[in-house]
Amino acid sequence: MDTKFTRLNIPLDPAQTGRDATQLESGLRKLIIGQDDAIQQIVNIYQMNLTGMNAPGRPIGNFLFLGPTGSGKTRIVEATAETLLKNPRAVIKIDCAEFQHSHEIAKLIGSPPGYLGHRETHPLLSQEVLNQFHTDDSKLSFVLFDEIEKASDALWNLLLGILDKATLTLGDNRKVDFSHCLIFMTSNLGASEMAAMMAPRLGFGIGKSRDDIAAGIADDKLAGKLARSGVEAARRKFTPEFMNRLDKIVTFQPLGAEQLRKILDIELNQVQQRIFNSPMDRAFVFTVSDPSKDFLLAEGTDMKYGARHLKRAIERLLVQPMSNLIATEQVRGGDWVRIDFDSDAKQLRFAREAEGLPVGEMARLVDTSVTIPALNLSQAAVAETANALRARSNKRS
Ligand SMILES: Nc1ncnc2c1ncn2[C@@H]1O[C@H](COP(=O)(O)OP(=O)(O)OP(=O)(O)O)[C@@H](O)[C@H]1O
Ligand SMILES: [Mg+2]
């Protein structure tokens, strides 16, 4: 062949992702535990969007999330908004169970002109609503349809149009454009079959250590089997038209002991964040010993309810007692509250370890392996002091 250029044949690596997609991935990995497949699928679609490789005239991505309750289906959507838009609430949520009847559909799209009540209705799915969380940096919208198996036929028809053409026609004939949306749909479909598959492995905790449970879940073969059972349940329930419009179907895995431990750290960090977000004169810091964490995990592990059960245990055993301590002024701004496990009484023990600490000092006590974004301190300095303090407090106990 007579070419005017040199043929190079340089090998390329399509597995590398760009900086923004890599940042999304590491952000999600900090917040979402044990659902790497779901993270990967979101990152892939985001990367395609950044490079303009998405199919035009469709939403950026249509995802169906299946799997057990409390496994992170809703949380991963919030976490994506949190990472990309710095706002976990920047998600438009439609609870499909609430739109069973035709007059309820009007809440979503508004009623036709001339119809009684037309002027009063503000459709929940208008263009303004979709665009409300746009920032200078990002024009993405996140729409979440929860529990889609409960959607009425009318809602299904709306959904099919959105998924396929990225448009919705409102009651007054205005069009809403969904082409800058990531659409997420969740369903517990197949979760009971999945639980039945897990049961012999887990013995539901009876006579098995939590490590056995974690090992059972880490088993790739089982993960694959669970994923297939989820997809099969979806194929039985949903029409081919719907299934064909999906970009990705992800089956969320039940969470094991190892994952719940990491989620516990994230949740404790979020409680700390809430306290730091209160007026500064009321901000205090708390630390939780390892035996206390073991106790919270033992109380909060329930294979059926996933991380939901853990969150309830944290509220009941830690947050609620702490709020009593605040209300009775046993704990005030600038205090360091140390939480240990009382093995005789089988409960958490709270002690005021220090008082009058400046903010920087309190921040240094926080476990920085799970980062608190709001704190603008040099990570290295914080980690160093936190380690020193931890070593000191371990010595004392
Ligand atoms: N994989 C996970 N990683 C981190 N946190 C999680 C995970 N799964 C659940 N959580 C925590 O548990 C809470 C409940 O989870 P989430 O709302 O995502 O459950 P879900 O899978 O949507 O369940 P449901 O089917 O009942 O709606 C979350 O807000 C989060 O705090
Ligand atoms: Mg949910």
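The values are calculated or read from the model by the stated rules, or taken from the named source; none is laboratory data. This structure is a prediction, so every number in the text was calculated from the model and none was measured. Cβ coordinates were reconstructed from backbone atoms using ideal geometry, including for glycine residues, and neighbour counts include every protein chain displayed.
For this structure, a couple of remarks:
- Matching residues, segment 130-172, being among the charged types (D, E, K, R) and in contact (Cβ under 8 Å) with a residue 24 or more places away in the chain: LYS139, ASP146, GLU147, GLU149, LYS150, ASP164, LYS165, ASP172
- When segment 53-109 is limited to residues that are assigned to a loop (DSSP other than H, G, I, E, B), of a type in the set (Val, Ile, Thr) and at pLDDT 95 or above, the one that is nearest to ligand 2 (Cβ to nearest atom) turns out to be VAL91.
- Count - residues of segment 1-56 that are of a type in the set (Phe, Trp, Tyr) and either closer than 30 Å to ASN269 by Cβ or in the same structural domain as LEU226 (by TED's automatic domain parsing) (or both): 1
- Subset of segment 267-302 [surrounded by 19 or more Cβ atoms within 10 Å (Cβ to Cβ) and farther than 15 Å from SER323 by Cα]: GLU267, THR287, VAL288, SER292, PHE295, LEU296, GLY300, THR301
- Residue match in segment 324-334 (condition: at pLDDT 95 or above, assigned to a helix (DSSP H, G or I), within 21 Å of the chain's Cα centre (by Cα) and surrounded by fewer than 17 Cβ atoms within 10 Å (Cβ to Cβ)): no
- Segment 134-161, subset crowded, with 19+ Cβ neighbours inside 10 Å and part of a loop (DSSP other than H, G, I, E, B), residue farthest from ligand 1 (Cβ to nearest atom): LEU140
- Among the residues of segment 242-269, those that are within 16 Å of ligand 2 (Cβ to nearest atom) and in contact with a Pro (Cβ under 9 Å, 6 or more places away or on another chain) comprise PHE252, GLN253, PRO254, LEU255.
- Criterion applied to ILE183, ILE162 was being hydrophobic (A, V, I, L, M, F, W, C), at pLDDT 95 or above and in contact with a Pro (Cβ under 6 Å, 6 or more places away or on another chain), and the one residue passing it is ILE183.
- Condition check for ALA79: within 16 Å of ligand 1 (Cβ to nearest atom), among the small types (Gly, Ala, Ser) and either under 16 Å from GLN253 (Cα atoms) or touching a residue at least 24 places away in the same chain (Cβ under 8 Å) (or both): yes
- Evaluated against (1) under 22 Å from the mean Cα position of the chain (by Cα); (2) surrounded by 15 or more Cβ atoms within 10 Å (Cβ to Cβ), ASP164 falls short on exactly one condition, (1).
- Residue, surrounded by the most Cβ atoms within 10 Å (Cβ to Cβ), within segment 35-52, restricted to residues that are among the aliphatic types (A, V, I, L, M) and within 16 Å of ligand 2 (Cβ to nearest atom): ILE42
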